[in-house]
Amino acid sequence: SMHLNKTSSSDYNIFVIYTRENYRLQMKFDLFAHSLFKHTNAQLHLHIITDKESEMSVLDILQRKIRKFRRIVIYTMYDVQICSNIIQDITAKLSPYFSSMPNSYYSDSLFFLSLGLHRIADKSISRAILFDCDIVFRSDVRLLFAEFDRFLPHQLFGLAPELTPVYRHILYRYRVRFPKSNFGNPYHPMQLVKNNKNSKLITNHNNHERHGYPGLNSGVVLMLLNRIRDSKTYLEVLTQYEVHRLVSKYSFKGHLGDQDFFTLLGYEYPNLIYRLDCIWNRQLCTWWKDHGYSNIFDAYFRCEGVIKMYHGNCNTRIPE
Ligand code: UPG
């Protein structure tokens, strides 16, 4: 059932999905909660979307961490089945294009929750961040919430770049037709990566025309819920007509759910998305390096700066 806690409030609303638990997911959430509390003493509000089978396990881990770090935490549990129903129109429209197994309806909806979270979250919540369970914090989550202050008036979501060539792969056909497109290219132009002497000089110019667009990663999603609720544009981009137009234009067939849709949005409607630096979502998955892209993988994977959050996607271990 959905328990709403309106008596106390926190400015730090953190959403996480924890369903179909298994040992691996337990380990991920343990590290997620541990690293989260280790680096902040802010009063957080955790929103956990879960199922009957996983609820006890996630609460048990959370309560152990709360005791260990002596934190005061508000938490709300949401039933994934109820949440799925609330967003079923979005899932129905998107899953034919962005799922590896369309029609596996229940499991699909979980990967589209970010796109309808403004309907699920209480109206009193305006700023929220959704994290994958395999995120590990290396700094205070309050610093990430401070990024909301840098959003321009038209920006609804904040996401960091995808750090693999997955969208180069998906856009193969489109890129044959439009070889000059920067959609699917690494953020840092490839020749600069090879030539270290020049790379600094040109990167510092911050000329966006030169940068590639590798797509976006949905392991960390900042959401201005009130703006999303009020956005006419957002309603329009989620219509059957517009989704079909976008997918057709790029001959796009994805498998990463919300992340595929955010990637298309970021290209067609760049105004809607605030670009987080990769240090907030330093993905670690190197699967594509061993699957046909060893020669160019490093250009995508590059992320400079002090890492604030690691993302151990595709079950990758986080560095000590
Ligand atoms: N999740 C569950 N139960 C499941 C499966 C997923 O709770 O049975 C949740 C959990 O929070 C998890 C998240 O969904 O962290 C994403 O699923 P996960 O299995 O971690 O996806 P990955 O394969 O590790 O990551 C891919 C991409 C990654 C992207 C993510 C979500 O590599 O970059 O952020 O999919 O689209």
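The values are calculated or read from the model by the stated rules, or taken from the named source; none is laboratory data. Since the model is a prediction, treat every value here as computed from it, not as a measurement. Reconstructed Cβ throughout: ideal geometry from the backbone, glycine too, with neighbour counts over all protein chains shown. These area figures cover heavy atoms from the full protein model, side chains too; ligands, DNA and RNA do not enter into them. Shrake-Rupley method; radii C 1.70, N 1.55, O 1.52, S 1.80 Å.
At-a-glance table
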| item | result |
| --- | --- |
| Subset of segment 109-119 [assigned to a helix (DSSP H, G or I) and open to solvent by 10 Å² or more (accessible area, probe 1.4 Å)] | Leu110, His118, Arg119 |
| From the options Arg64, Arg24, residue that is in a helix (DSSP H, G or I), away from the ligand (no atom under 14 Å from the Cβ) and surrounded by fewer than 20 Cβ atoms within 10 Å (Cβ to Cβ) | Arg64 |
| Filtered residues of segment 88-101 (kept if open to solvent by 50 Å² or more (accessible area, probe 1.4 Å) and either closer than 10 Å to His255 by Cβ or not in a helix (DSSP H, G or I) (or both)) | Ser100, Met101 |
| Criterion: within 16 Å of the ligand (Cβ to nearest atom), open to solvent by 10 Å² or more (accessible area, probe 1.4 Å), modelled with pLDDT under 95 and within 29 Å of Phe32 (Cα to Cα) - qualifying residue of Ile279, Ile307, Ile318 | Ile318 |
| Condition met for Phe37 (buried (at least 20 other Cβ atoms within 10 Å of the Cβ), under 20 Å from Val220 (Cβ atoms) and more than 20 Å from the chain's Cα centre (by Cα)) | yes |
| For Ile74: the one exception among (1) surrounded by 20 or more Cβ atoms within 10 Å (Cβ to Cβ); (2) at pLDDT 95 or above | (1) |
| Candidate set from segment 282-296 (those that are more than 15 Å from Tyr187 (Cα to Cα) and of a type in the set (S, T, N, Q)); member that is nearest to the ligand (Cβ to nearest atom) | Thr286 |
| Flag for Asp258 being closer than 30 Å to Asp149 by Cβ and in contact with a Ser or Thr (Cβ under 6 Å, 6 or more places away or on another chain) | yes |
| Segment 126-158 - residue that is assigned to a strand (DSSP E or B) and among the small types (Gly, Ala, Ser) and, of those, surrounded by the fewest Cβ atoms within 10 Å (Cβ to Cβ) | Gly158 |
| Answer residue from segment 1-21, given it is of a type outside the set (D, E, K, R), outside any strand (DSSP E or B) and under 20 Å from Ile86 (Cα atoms) and is modelled with the lowest pLDDT among those | Ser1 |
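Condition check ((1) charged (D, E, K, R); (2) at pLDDT 95 or above) across all residues:
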{"site": "Phe183", "(1), (2)": "no, yes"}
{"site": "Pro189", "(1), (2)": "no, no"}
{"site": "Lys194", "(1), (2)": "yes, no"}
{"site": "Asn198", "(1), (2)": "no, no"}
{"site": "Ile202", "(1), (2)": "no, no"}
{"site": "His205", "(1), (2)": "no, no"}
{"site": "His211", "(1), (2)": "no, no"}
{"site": "Asn217", "(1), (2)": "no, yes"}
{"site": "Val220", "(1), (2)": "no, yes"}
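Each row is one residue, and each column tells you yes or no for (1) among the hydrophobic types (A, V, I, L, M, F, W, C); (2) in contact with a strand residue (DSSP E or B) (Cβ under 9 Å, 6 or more places away or on another chain); (3) closer than 20 Å to Ile90 by Cβ; (4) crowded, with 17+ Cβ neighbours inside 10 Å.
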site: His255; (1), (2), (3), (4): no, yes, yes, no
site: Leu272; (1), (2), (3), (4): yes, yes, yes, yes
site: Lys289; (1), (2), (3), (4): no, no, no, yes
site: Asn295; (1), (2), (3), (4): no, no, no, no
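So that you can scan it fast, the table gives a plain yes or no per residue for (1) farther than 18 Å from Asn226 by Cβ; (2) within 16 Å of the ligand (Cβ to nearest atom); (3) polar (S, T, N, Q):
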{"site": "Ser109", "(1), (2), (3)": "yes, yes, yes"}
{"site": "Ser114", "(1), (2), (3)": "no, yes, yes"}
{"site": "Ile120", "(1), (2), (3)": "no, yes, no"}
{"site": "Ala128", "(1), (2), (3)": "no, yes, no"}
{"site": "Ser139", "(1), (2), (3)": "yes, no, yes"}
{"site": "Ala160", "(1), (2), (3)": "yes, yes, no"}
